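The values are calculated or read from the model by the stated rules, or taken from the named source; none is laboratory data. Predicted, not measured: the structure shown is a model, and the values here were computed from it. Please note: Cβ atoms are built from the backbone with ideal geometry, for glycine as well, and neighbour counts cover all protein chains shown. For the accessible areas, the whole protein counts, side chains as well, though only heavy atoms, and no ligand, DNA or RNA atoms are used. Shrake-Rupley method; radii C 1.70, N 1.55, O 1.52, S 1.80 Å.
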Amino acid sequence: MKRLVLLNLAFILYVAGLLCAIVVGYGTGAIVVLAASAVILCLYGFTLYRAFKTGRLLTWDVLAYSLGVLVVGEIFLQGYSIAIARSVFSLPGFYQLHTVSGFILLGLFVYGTVVYAQKSEDEGSLNFILTVIGLSGFISFIGFLGFARVLPNTVRLIYHSFVFLIFLYLGYFLWLRLKRNRSNSAEQKAGLVLSVLMLMFWIVRWQTPELIPPGIYRIVVNIGFVAVIVLPVAILFFRKMHFLTVFILYAIVSDLYFISFDRDFRYLVNTGASGCVGFENATQYPIVNDPGVPTEELFKTPAPEEVEDVRDEWRTKDFSPRQVRVEYVERQLNGDSIKVISHVVDGKKHYGMIRIPLGLRLDEAPILLVLHGGGAETDVLETEFLYRIAGGTCEDEMNRYLIVAPSFRGDIARGKEFCFRSEGYTGDVWQGAAEDAVSFLEAVKTMYHKREDEKILAVGVSRGATVALLVGGLTDKLDHIIAISTHTDFVNADVLKNERVGSDYPKIFYTPKTPPASIRKKMIASSPYYFAEHLPYVEVHQGRNDVLTTAWHAEHLRQRLKDIGRPDTTFKIQLYDGKGHGYADDNLICKSLHDFAERAIQ
């Protein structure tokens with residue numbers, strides 16, 4: 001019982017840490033999550049010590065405890081990453097580890113239920129429970145195969161299995177009470193009460209979520225109710241019917257296992273507890289999975305006239321700033337000014353941030369266009385991004401620039417005291433984001449009376465790196481590009497089949513539904529490789545071990561630049577052995593920032 005109490009305490013601390021990350025701040029939330037992890041480690045160490053002292057170290061129970069700690073540790077790592085605003089799913093192999101943890105979690109649930117059900121004094125009850133667990137375990141197993149991308153469209157079976165168990169346990173404890181079996185009467189009553197509570201939880205959370213307005217209270221109920229209310233009651237009352245406690249633990253851990261994919265939770269992580277201006281105004285479309293044309297037709301090498309057609313279209317785009325407005329001004333403790341600017345792009349309201357370092361001479365300062373990473377989901381541009389590039393050691397060099405950062409369509413611009421979401425479709429990841437970047441750049445130049453030929457250096461990471469290359473290849477707005485971990489060519493079937501971004505093609509290129517010719521044009525317009533001859537000076541920094549934007553893209557662009565006869569003095573492709581996504585040598589980045597500022601200010 002003591003171990004269950006400590007486990008319950010760890011889960012309560014973990015939930016509290018996630019809530020602190022939303023309401024108080026990332027640092028505080030991370031500390032509380034680490035405290036929860038410490039409780040788990042102490043509990044595990046105590047369990048191993050007892051097993052060692054009694055000579056029972058090599059037993060199934062100890063193996064189950066060890067696997068359980070592995071699963072909980074992986075989930076707590078996920079929670080810690082949320083609490084420090086860093087996604088661990090971009091780390092090599094983490095998604096695979098997360099998938100394996102799901103299967104282990106399911107196995108532990110079945111094992112624990114069987115172990116405790118076997119202590120039942122009623123053989124009929126034992127057979128019933130084992131049958132139910134076998135059936136629900138199989139259903140959940142099919143669901144986890146869907147999560148592992150082995151079987152399509154089966155993930156929801158995990159949820160259906162959970163609902164199935166809620167009703168079965170409720171029916172089971174009702175049957176025991178009607179049977180008037182007086183053995184374990186108190187536990188039977190507790191089991192019935194807890195089953196009713198789990199049913200109410202299911203109704204409030206999934207059937208009538210509108211009963212609780214979106215926000216922090218809904219999250220408290222969704223991820224806190226079972227851990228704070230239901231599990232302590234189970235620990236207090238159950239002596240023989242621990243199989244229901246196992247189910248309640250499974251419900252808690254499953255919720256935390258999927259926490260990064262919970263829409264309500266992601267909303268609060270993205271926006272903070274106070275909400276976000278314009279959050280509901282982003283555009284949504286039903287995902288189109290079929291491009292309507294065979295793959296080989298879609299991925300043919302683009303003809304020169306197709307590439308030129310894209311450039312012709314960009315020449316006719318009107319990036320004149322419209323309805324430019326200062327939405328928010330904030331003075332930092334170091335004297336810097338942070339401004340949130342809104343303007344209209346293609347009839348949709350778009351936001352971006354500006355940082356004016358203390359003492360900067362706006363009349364002579366060059367512009368640093370910083371472009372954040374992300375993907376086809378809602379991404380968050382935070383004020384921190386205005387102070388760091390790559391490893392974050394170039395702040396002194398950045399302070400010589402007027403620093404501007406657009407939040408791409410559907411994305412969020414957020415600080416401690418503000419939150420704004422740009423309108424538009426989040427799936428327009430590259431072509432649309434490039435248009436947003438140029439439009440915001442023009443709005444800033446107008447606000448600060450910058451010349452049309454103002455010196456501009458663009459730095460982009462991941463998605464932002466590709467956007468920077470597109471702006472440089474399709475316009476004459478940039479003078480220097482630093483691209484860190486970039487895609488360069490989406491008109492390639494191997495990228496669709498073998499790279500992580502391939503799974504997002506339906507949302508990015510096929511949606512909204514459009515003719516195959518338009519899909520192909522969008523793919524070309526999102527691929528800087530085909531506009532390489534028009535790029536200004538460009539440097540690409542790429543880790544060879546990057547699994548999100550593979551080194552092939554950088555090498556592919558380098559070969560293209562050589563093939564078209566670009567002098568080596570006009571580009572630099574820097575590959576890093578043993579490094580992953582987002583890595584760049586800070587010394588090289590800082591030197592480029594310093595040298596460009598020196599030339600621009602002269």
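Here are some notes:
- Scanning the stretch 214-272 for residues that are charged (D, E, K, R), open to solvent by 40 Å² or more (accessible area, probe 1.4 Å) and part of a loop (DSSP other than H, G, I, E, B), we see that the one that is modelled with the lowest pLDDT is LYS240.
- Flag if LYS513 is on the phi < 0 side of the Ramachandran plot, assigned to a loop (DSSP other than H, G, I, E, B), open to solvent by 30 Å² or more (accessible area, probe 1.4 Å) and not β-branched (Val, Ile, Thr): yes
- Residue that is nearest to ASP595 (Cα to Cα) [pool: residues in the stretch 536-550 that are open to solvent by less than 10 Å² (accessible area, probe 1.4 Å) and aliphatic (A, V, I, L, M)]: VAL538
The rows are residues; the columns are (1) of a type in the set (S, T, N, Q); (2) outside any helix (DSSP H, G or I); (3) under 30 Å from LEU362 (Cβ atoms).
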site: VAL538; (1), (2), (3): no, yes, yes
site: THR549; (1), (2), (3): yes, yes, no
site: ARG566; (1), (2), (3): no, yes, no
site: ILE589; (1), (2), (3): no, no, yes
site: GLU598; (1), (2), (3): no, no, yes
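- Residue count for the stretch 67-84, restricted to those that are in contact with a Phe, Trp or Tyr (Cβ under 8 Å, 6 or more places away or on another chain) and surrounded by fewer than 17 Cβ atoms within 10 Å (Cβ to Cβ): 1
- Residues satisfying the stated conditions in the stretch 291-331, i.e. in contact (Cβ under 8 Å) with a residue 12 or more places away in the chain and polar (S, T, N, Q): THR295, THR301, SER320, GLN323
- All positions within the stretch 509-543 that are in contact with a Phe, Trp or Tyr (Cβ under 7 Å, 6 or more places away or on another chain) and of a type in the set (A, V, I, L, M, F, W, C): ILE519, MET523, ILE524, VAL538
- Within the stretch 340-360, the residues that satisfy the criterion of being among the charged types (D, E, K, R) and open to solvent by 20 Å² or more (accessible area, probe 1.4 Å) are ASP346, LYS348, LYS349.
- Filtering the stretch 171-192 for residues that are surrounded by 18 or more Cβ atoms within 10 Å (Cβ to Cβ) and either farther than 19 Å from THR113 by Cα or within 37 Å of the chain's Cα centre (by Cα) (or both) leaves an empty set.
- Conditions (1) exposed (fewer than 14 other Cβ atoms within 10 Å of the Cβ); (2) outside any helix (DSSP H, G or I): number failed by GLU305: (2)
- Near pairs, Cβ below 8 angstrom, 6+ apart or cross-chain, from the stretch 196-219 (of a type in the set (Lys, Arg)) to any residue that is in a helix (DSSP H, G or I): ARG205/VAL221; ARG205/ASN222; ARG218/PRO209; ARG218/ASP264
- Residue list for the stretch 439-470, filter: of a type outside the set (Ser, Thr, Tyr) and either in a loop (DSSP other than H, G, I, E, B) or within 23 Å of PRO512 (Cα to Cα) (or both): HIS449, LYS450, ARG451, GLU452, ASP453, GLU454, LYS455, ARG463, GLY464, VAL467, LEU470
- Residues satisfying the stated conditions in the stretch 314-334, i.e. open to solvent by 70 Å² or more (accessible area, probe 1.4 Å) and not in a loop (DSSP other than H, G, I, E, B): ARG315, ARG325, VAL329, ARG331
- Qualifying residue in the stretch 551-563 (condition: assigned to a helix (DSSP H, G or I) and of a type in the set (Asp, Glu)): yes
- Residue check, PHE408 modelled with pLDDT of 90 or more, of a type in the set (A, V, I, L, M, F, W, C) and either buried (at least 24 other Cβ atoms within 10 Å of the Cβ) or not in a loop (DSSP other than H, G, I, E, B) (or both): yes
- Scanning the stretch 411-438 for residues that are part of a strand (DSSP E or B), farther than 16 Å from ILE338 by Cα and open to solvent by less than 10 Å² (accessible area, probe 1.4 Å) yields a total of 1.
- Cβ-Cβ under 7 Å pairs, at least 6 apart or on other chains, the stretch 152-165 side under 15 Å from THR99 (Cα atoms) and in contact (Cβ under 8 Å) with a residue 60 or more places away in the chain, far side in a helix (DSSP H, G or I) and open to solvent by less than 60 Å² (accessible area, probe 1.4 Å): ILE158/SER140; ILE158/GLY143; ILE158/PHE144
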